[in-house]
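The values are calculated or read from the model by the stated rules, or taken from the named source; none is laboratory data. Model, not experiment: these values are computed from the prediction. Cβ sites come from the backbone with ideal geometry, for glycine too, and all protein chains shown count toward neighbours. Accessible surface areas use protein heavy atoms only, side chains included; no ligands, DNA or RNA. Shrake-Rupley method; radii C 1.70, N 1.55, O 1.52, S 1.80 Å.
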Amino acid sequence: MAGHVNRQIRLAARPANLPRESDFNLAEGPILEPREGEVLVRVIWLSLDPYQRGRMRATHPYATPMELGEVIVGGVVGKIVRSRTPAFTEGEVVEGPLGWQEYAVSDGSNLRKVDTSLGPLSTALGVLGMPGMTAYFGFLEVGQPRTGDTVVVSAASGAVGQVVGQISKIMGCRTVGIAGTPEKIDYIKHDLGFDAGINYKTENVNAELAEVCPLGVDVYFDNVGGPITDAVLDHINVGARISICGSISQYNLEEPELGPRKMGLLVGKQARAEGFLVGQFRNRHEEGRQRIAGWIKEGRIKYREDVVDGIENAPGAFIGLMQGENFGKLLVKVSED
């Protein structure tokens, strides 16, 4: 595309602890033309997610680490502006892991056509995208909630937690959320319908759990790990299910905290803790997407997005994400719809 450049955010250095602006590099280059069998995508929305921090390390337990100088990995929603394959037509909206850049070339194998009738384009990266599917399958399939259960969700106002909590209420469960500001606690209780909220920065989580979960905890959806998870484990019931989604409290530590520290509690409680990846349910994502879209249309699920404008602001927004500054699903608006 003559007269245009492609701006990209590349990994300049591997963060030692909390990422810094100097760990990222804003680079400019030409917009590549697709070859036979490929498409050129103009990125509209970019997703910022905690898992990206792990990919910046030199080693990763289940995914390929990014190389220095590589475009930062990340999901996007964009529009096909050039197509040299019959599988896609120009103007179609797609979603895929095309990274932190304004334009990307793909052979189409990693792209999903977005059903624009289900919601705004941004939702394909949020409530109807990877975070929504993580919440849906991680809670329903791994957590296996039953009517009347007490459910605790950490990082409850985030992209995944806000959906988990609302599905919990739909399933007839008492739902308690843990978050880090009074505004987030007010949001999950009064906007999303959680039964109670705990501010982990100003309240004693263990003591508050005893107060708001007098019958114990049946399902814990764990987004954070660390001391918060230790506190929840003290209150699990016999037969409890713990769905391990993430451990953001550990992501920026040079050396992880010692643990797991209280897994022995699972023995006496005959409880189960299970980690999962959203990709293991890939062949069922459309099922989850359609069900959540239906709940949104019925007014049973609400969602909040935290939007930052401009690819150049992605690093600063990501650093804020690692410190819990985002409120809802964090997105970068790269170009106009």
Response to the item:
Taking N as the residue count of the range 176-288, its alpha carbon Rg divided by 2.2 N^0.38 Å gives 1.14
Discussion item. How charged is the neighbourhood of residue 191? Take every other residue with its Cβ under 15 Å from the Cβ of residue 191, and add Lys/Arg as +1 and Asp/Glu as -1.
Written reply: +2
Worksheet item: Out of residues 5 or more away from residue 277 or on other chains, whose amide H comes under 5 Å of its own, with H placed 1.01 Å from N in the peptide plane?
Response: none
Response to the item:
CD proxy, 222 nm, the chain: helix-only mean residue ellipticity via -39,500 (n - 2.57) per DSSP H run with n ≥ 4, per residue, nearest 500, stands at -5500 deg cm²/dmol
Fill in: Probe 1.4 Å, protein heavy atoms only - accessible area per residue of the chain in square angstrom
44
Worksheet, complete the sentence: Candidates 262, 169, 79; GNM for the chain (alpha-carbon contacts under 10 Å) flags as most fluctuating 262
Fill in: Net lengthening on full extension, residue 35/residue 14 (0.36 nm per residue, minus Cα-Cα)
4.3 nm
Worksheet item: Taking Cα pairs under 8 Å and at least six residues apart, what relative contact order does the range 157-287 come out at, in percent?
Response: 17
Worksheet entry | Rg over Rh [alpha-carbon atoms, Kirkwood Rh] for the chain | 0.98
Response to the item:
On the formula 1/(1 + (r/R0)^6), with r taken between the Cβ atoms of residue 300 and residue 116 and R0 of 22 Å, the FRET efficiency rounded to 0.05 is 0.55
Response to the item:
The ³J(HN,Hα) series, computed from each phi in the range 98-104 with the Karplus coefficients 6.51, -1.76 and 1.60 at θ = phi - 60°, rounded to the nearest Hz and given as x for glycine or proline, is 9, x, 7, 7, 8, 9, 8
Item to complete: Could you tell me which of rounded, prolate or oblate describes the range 1-78, using a ≥ b ≥ c as the square roots of the eigenvalues of the alpha-carbon gyration tensor, with rounded for a/c under 1.5 and, failing that, prolate when a/b is larger than b/c and oblate otherwise?
Response: prolate
Item to complete: Could you tally the net charge around residue 67, taking each other residue with its Cβ under 13 Å from the Cβ of residue 67, Lys/Arg +1 and Asp/Glu -1?
Response: +3
Item to complete: Work out the length of the dipole vector of the chain about its Cα centre, built from +1 on the beta-carbon of each Lys and Arg and -1 on the beta-carbon of each Asp and Glu, and round it to the nearest 20 debye.
Response: 680
Item to complete: Step through the residues of the range 167-172 one at a time and calculate ³J(HN,Hα) from phi using the Karplus curve (6.51 cos²θ - 1.76 cosθ + 1.60, θ = phi - 60°), rounding each to whole Hz and writing x for Gly and Pro.
Response: 5, 4, 5, 4, 7, x
Discussion item. Using the crude model of +1 on Lys and Arg Cβ and -1 on Asp and Glu Cβ, and no other charge, please compute the dipole size for the range 45-190 relative to its Cα centre, in debye to 20.
Written reply: 300
Worksheet, complete the sentence: Interchain or sequence-distant (5+) residues whose placed amide H lies within less than 5 Å of the amide H of residue 114 are 93, 94, 95
Fill in: Hz values of 3J(HN,Hα) by residue in the range 307-315 - Karplus curve (6.51, -1.76, 1.60), Gly and Pro given as x
10, 10, 9, x, 4, 5, 9, 4, x
Fill in: Cα gyration tensor category, rounded, prolate or oblate, for the range 58-162 with a/c compared to 1.5
oblate
Worksheet entry | Summed side-chain charge close to residue 131 - residues other than residue 131 whose Cβ falls under 9 Å, Lys, Arg +1, Asp, Glu -1 | 0
Item to complete: Rounded to the nearest Å, what's the spacing between the alpha carbon centres of the range 277-337 and the range 206-261? Just the number, please.
Response: 24
Worksheet item: Roughly how many percent of the accessible protein surface of the chain is carbon and sulfur, given a 1.4 Å probe and a whole-percent answer?
Response: 50
Worksheet entry | Signed unit charges on C-beta, dipole axis of the chain, positive-most listed residue 159, 62, 237 | 237
